[in-house]
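Structure, as structure tokens:
The values are calculated or read from the model by the stated rules, or taken from the named source; none is laboratory data. Source: prediction; values computed, not measured. Counting neighbours? That spans all protein chains shown, and the Cβs are built from the backbone with ideal geometry, glycine included.
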């Protein structure tokens with residue numbers, strides 16, 4: 001049984017009917033900066049400062065961001081103090097009943113990730129499924145995305161692309177994924193692929209990609225929108241050297 005079904009089993013009435021959540025207020029799914037605080041939208045900042053309850057992966061970094069928003073936008077909190085609720089993937093199931101109870105009690109609530117858009121390889125899927133199934137009002141406040149930013153940085157055709165999430169850690173699984181990429185390219189030759197990768201594995205991953213996809217260029221985008229942002233383009237003319245250091249948060253784009 002998956003986590004979503006686990007939740008419904010827990011929240012069922014003795015008769016087996018789902019508990020209705022009809023009194024909930026608004027759940028805001030908010031995109032936050034991926035590195036540069038100035039990329040926050042005025043709308044996102046306004047809503048964050050008006051919400052008492054904020055779901056976040058790291059309460060410390062969320063608190064720092066909220067303080068910076070006051071300095072940046074001049075928008076002061078409309079609530080005396082934010083209630084930051086730690087909400088990361090390993091706790092999604094555990095926290096769902098508490099969150100739904102708060103929404104059902106008439107509280108507005110914001111969901112943010114550590115950076116970028118929630119649900120994109122970040123927590124929020126289970127909460128969204130419950131909100132949709134139970135008729136809880138929600139809206140999405142769009143914001144920065146490392147996926148789209150890296151894709152545009154690459155300069156590759158972007159009419160069609162596929163997001164792969166985090167690449168597999170095991171070599172065998174990565175090779176299976178590359179085989180699937182090859183098959184997709186046969187049908188959609190202009191399709192690009194975007195993925196996340198760890199700086200500890202990036203060089204080995206690039207070696208495998210160059211060997212298995214020799215005709216395809218690869219772009220490495222690191223620390224996007226931050227002070228040390230860099231973009232590396234790897235192809236038949238340009239290769240990574242042993243001296244090249246690639247640190248920080250990495251997004252890969254495969255042509």
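Looking at the structure I just gave you, is residue 250 surrounded by 13 or more Cβ atoms within 10 Å (Cβ to Cβ), over 27 Å from residue 117 (Cα atoms) and in contact with a helix residue (DSSP H, G or I) (Cβ under 9 Å, 6 or more places away or on another chain)?
So residue 250 fails the test.
Out of the residues in segment 224-235 that are surrounded by fewer than 19 Cβ atoms within 10 Å (Cβ to Cβ) and part of a loop (DSSP other than H, G, I, E, B), state the one that is farthest from the chain's Cα centre (by Cα).
Step by step, filter segment 224-235, then rank; the result is 235.
Looking at 175, 151, can you tell me which residue is part of a helix (DSSP H, G or I), in contact (Cβ under 8 Å) with a residue 12 or more places away in the chain, over 25 Å from residue 245 (Cβ atoms) and in the same structural domain as residue 234 (by TED's automatic domain parsing)?
Numbers: 151 fails: over 25 Å from residue 245 (Cβ atoms).
After ruling out the rest, the residue left standing is 175.
Check segment 78-98 and report whether any residue there is exposed (fewer than 13 other Cβ atoms within 10 Å of the Cβ), at pLDDT below 95 and at positive phi.
Checked against the condition, which is being exposed (fewer than 13 other Cβ atoms within 10 Å of the Cβ), at pLDDT below 95 and at positive phi, segment 78-98 yields no hits at all.
Give all pairs with beta carbons closer than 6 Å in which a residue from segment 38-54 that is more than 18 Å from residue 107 (Cα to Cα) meets a residue that is modelled with pLDDT of 95 or more and in a loop (DSSP other than H, G, I, E, B); count only pairs at least 6 apart in sequence or on separate chains.
Sorted first by the residue in segment 38-54, then by its partner, the pairs are 39/33; 39/144; 40/33.
Residue 70 fails exactly one of the following numbered conditions: (1) under 19 Å from the mean Cα position of the chain (by Cα); (2) under 14 Å from residue 44 (Cα atoms); (3) loosely packed, with under 14 Cβ neighbours inside 10 Å. What is the number of that condition?
(1)
Residue 210 fails exactly one of the following numbered conditions: (1) surrounded by 14 or more Cβ atoms within 10 Å (Cβ to Cβ); (2) modelled with pLDDT of 95 or more; (3) not in a strand (DSSP E or B). What is the number of that condition?
With respect to (1) surrounded by 14 or more Cβ atoms within 10 Å (Cβ to Cβ); (2) modelled with pLDDT of 95 or more; (3) not in a strand (DSSP E or B), residue 210 is out only on (2).
Just need a number here: residues in segment 113-135 that are surrounded by 18 or more Cβ atoms within 10 Å (Cβ to Cβ) and touching a helix residue (DSSP H, G or I) at 6+ places or on another chain (Cβ under 6 Å).
So the answer is 3.
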